1. In the stretch 161-267, which chymotrypsin sites (Phe, Trp or Tyr not before Pro) fall in coil by DSSP and have 15 or fewer other Cβ atoms within 10 Å?
2. Output the antiparallel fraction of DSSP beta bridges having both residues in the stretch 451-520, as a percent to the nearest 5.
3. Long-range amide H contacts for Thr94: which residues qualify at under 5 Å (H placed 1.01 Å from N, peptide plane, sequence gap of 5 or more or a different chain)?
4. Taking loop as defined by DSSP and a crowding limit of 13 other beta carbons within 10 Å, which GluC sites (Glu not before Pro) in the stretch 172-280 fit?
5. Taking only protein heavy atoms into account and a 1.4 Å probe, give the accessible area per residue of the stretch 453-502 in Å².
6. Over the stretch 451-501, with every protein chain in place, what whole percent of the accessible area is carbon and sulfur at 1.4 Å, could you tell me?
7. Using the beta-carbon distance between Val71 and Leu162 and R0 = 56 Å, what value does 1/(1 + (r/R0)^6) give for FRET efficiency, to the nearest 0.05?
8. In whole Å, what is the distance between the alpha-carbon centres of the stretch 135-206 and the stretch 432-452?
Amino acid sequence: MRSLRTRITGSILFLIGGAVLGTGIFVALLLKTSYIDSLTERLEKEGKLLAETVDWSASAKPGELTGKAEVYGRALGLRVALFDSAGNNLGDSTGVAHPGANPEVRKALDTGKPVPSVYRNEALHTAVPVIRDGRVVGAVWLTKSLTEVNRSLGQVWFSLILGLIIAYGIAGFAGSRIAGRVTRSLEEITQVAVDMAQKRLYRRVAVNGDDEVASLGRAINRMAYSLQQQVEELRRSERRLGSVIETMESGLLMVDATGRIRLANRAFEKMFGIPASDLRGKSFERLTHPYDLAVLIKECAESGLQMRREIHLYYPEERMLQAHLSPMWAEKSGIGVVVVFHDLTAIRRLEQLRRDFVANVSHELKTPVTSIRGFAETLLDGAMEDTRTLREFLTIILEESLRLERLVGDLLDLSRIESKQFRLELETVQVDELVRGAVKTMEDRIRAKGQTLTVEIPETFQAEVDVDRVRQILLNLLSNAMVYTPEGGAIRVRAERGDGDWILSVEDTGVGIPPEDLPRIFERFYRVDKARARHSGGTGLGLAIVKHLVEAHRGKLEVKSRLGEGTMFIMRFPLNQ
């Protein structure tokens, strides 16, 4: 395809060349016609002049007329021939006698009138009758060769061609410059348009002048700026949408109308243990894990109705998911499906914990209440008359009521701690004094069980803590260690300063905790040895309270235990809260 510049230059050359050529042809023809007309008029006038001036008295002397014809021919630059009334040639300027009267001479002799010039054999011919005393006595025949005319016209044609070549050169140069100025801006606009199609929207047209091309360039620049703004806004929206999709906790799966998976976010990968890269562009029917999902997607696409189902996963870990399936009507070729997965595992576990908590609380409350009611009924039935029995039963009722009081108190403490409705009363204290004061409270009870208690504090230092809550932590851990450590066992409490924090540990040489029970020891009412713990008067809430209080101090809690060898609770607290 020819370029616009070539077409403009070609058009200019064609127009100029056509104009020059047409003008040259017209001028050449006009010159030829004018010259012939001029020669015709001249021949007719000169013929009339000769017809009037020739002396026919010498007609009997052909040689003399021949001489006159030659003189006339040389003077006029013509071929002059003289004929008598019978059409006989009396003299010729060429010296060659004409073989007879030609048509022009015959016509002049017959009509007695001059014959208009006739163009024949590259020459003009005319004949004029010679009239003497009212009768035709002869004729003068004049011939003018057009060789010189054709030579002059040849020079005209040569000049015309040369001028045409020069005009073509000038027109080509001028047309190229003009076309270059016109098309340069158009080429730049075209390149900018191509760059815009290739997403290089930063390109602009250099605009100069106020003509139509400049107006087009400004329009292209405005369009490019508008497109750039729109594309940037679309990219920002796409990034925001991508960030939302990738960071949302709910799993997202998008299936188009052809059944191909177009989108799967990170939450979906974590829930199902399948990389999104293995799914994109694949058919949803390849989702064999879980099998229910492919069936649900197919059912939603066929029915065009929203659906909600629960899916139970066992791999990569046990989860309860709620799947929301919605048809996607934006697809032109059919119906796509968007599936949103909500992880209900924590909610279901929380519901189970709540049921277990209610059951445990009911059980823990039922035991002391039943004991108090039973012994009270026994006393009322007559056992109160026996002083020894009365005292024994009242002691049991007191112990059960104290146990009930501890249970209610621990429940209230745990409720306040978990609901974040309490505030730590922070103060800077000597850690060694705090630890020794708390240990002293349990020292007598521990020694009474035949156990040894050791406190290790390598150096004195200060820390910012809630004194009462740290004391509560220590008392709960020491009580727990005392219960699960047999007679003759050892309990060790250690406090030491670390790098920006301080470490508090409670270690015993008791029965230890089985590995399968370690993840659950901080659950409410969970007991490793239920019989021993209940017999000791424990509520099963102590370690749960310890865990929450350590976290309230922005600390970390770690448990190390070996079955039959003992357990160590290690807590790390920041020096400054």
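The values are calculated or read from the model by the stated rules, or taken from the named source; none is laboratory data. Predicted model only: the values in this text are computed from it and were never measured. Methodologically, a virtual Cβ is constructed for each residue, glycine included, from the backbone with ideal geometry; neighbour enumeration extends over all protein chains shown. Quick note on the areas: whole protein, heavy atoms, side chains included, nothing else; ligands and nucleic acids left out. Shrake-Rupley method; radii C 1.70, N 1.55, O 1.52, S 1.80 Å.
1. For chymotrypsin sites (Phe, Trp or Tyr not before Pro) across the stretch 161-267 that sit outside H, G, I, E and B with at most 15 neighbouring Cβ atoms in 10 Å, the list reads Tyr202.
2. Taking every DSSP beta bridge with both residues in the stretch 451-520, the antiparallel ones total about 60 percent.
3. Val80
4. For GluC sites (Glu not before Pro) across the stretch 172-280 that sit outside H, G, I, E and B with at most 13 neighbouring Cβ atoms in 10 Å, the list reads Glu249.
5. For the stretch 453-502, the solvent-accessible area averages 43 Å² per residue.
6. The value for the stretch 451-501 is 38 percent carbon and sulfur by accessible area.
7. Efficiency computed from Cβ-Cβ geometry: 0.85.
8. Comparing the Cα centres of the stretch 135-206 and the stretch 432-452, I get a distance of 119 Å.
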